[in-house]
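Report on the structure given below.
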Amino acid sequence: MKKVFILFFIIGLFFLAGCNENLKNNVQQNTNNSTTTTSQQATTPVEQNQKYEAMIYWEQQGKIVPVRKQVGTISELVNTLFRGPSEEEMKSGYFTELPKVSPNKVILEGDKVLLDLPASFYDARGSFRVSNMLKQIVYTCESFPGVKKVVFLKDGNPISVFPGEGFVLAPYVDKNSINGQKGD
């Protein structure tokens, strides 16, 4: 009986050693095939040189409303949002509460967007204004294929609460969480 146990034990070790080698090879192969850029890391099924229909969320008559856009990357979408409405959109009554800042980085990681914003973005005050700012950002990001949540960073560092307004930003924000918050 001991010999049979030892035989199965040895076979099991060989099996595990083989699986471990396959795992190492797969990890090495995935590492060699991955490419990362500073503005966007695509780990969702988003193809390069393809345009996607997404929505930019502006304000109009006291509501957050979508406007269709064709974009190639989440970075392009977010940067368009932060530039503000075009002259034609402004003539149609669209506006934004977002301050005139540019994101430091926009990184797509799985089903979330890491949005690194400068410290001056977090100087905004007024719970209605901040609520609408966050809704514009989260709704816009979630309109991009595969995105389900947004992680906010302040000059490269995680931020858990919007200063002065009490909106919880950690561990992430999505449509459900942003709609349930009222701020301070």
Selection within the stretch 59-84 - of a type in the set (D, E, K, R) and either in contact (Cβ under 8 Å) with a residue 40 or more places away in the chain or touching a Cys at 6+ places or on another chain (Cβ under 6 Å) (or both):
E59
Wholly inside the stretch 62-181, helices (runs of 4 or more DSSP H) that include 1 or more residues that are at pLDDT below 95 and buried (at least 16 other Cβ atoms within 10 Å of the Cβ) are 127-142, 175-179
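Yes/no per residue for (1) without any contact (Cβ under 8 Å) to a residue 40 or more places away in the chain; (2) hydrophobic (A, V, I, L, M, F, W, C); (3) more than 19 Å from G164 (Cβ to Cβ):
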residue	(1), (2), (3)
L98	yes, yes, no
I107	no, yes, yes
D111	no, no, yes
L117	yes, yes, no
Y122	no, no, no
S127	no, no, no
V130	no, yes, no
M133	yes, yes, no
F144	no, yes, yes
For the stretch 50-61, the count of residues that are crowded, with 19+ Cβ neighbours inside 10 Å and more than 18 Å from the chain's Cα centre (by Cα) equals 2
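The values are calculated or read from the model by the stated rules, or taken from the named source; none is laboratory data. Just so you know, these numbers come straight off a predicted model, no measurement behind them. Positions of Cβ are backbone-derived with ideal geometry, glycine not excepted, and every protein chain shown enters the neighbour counts.
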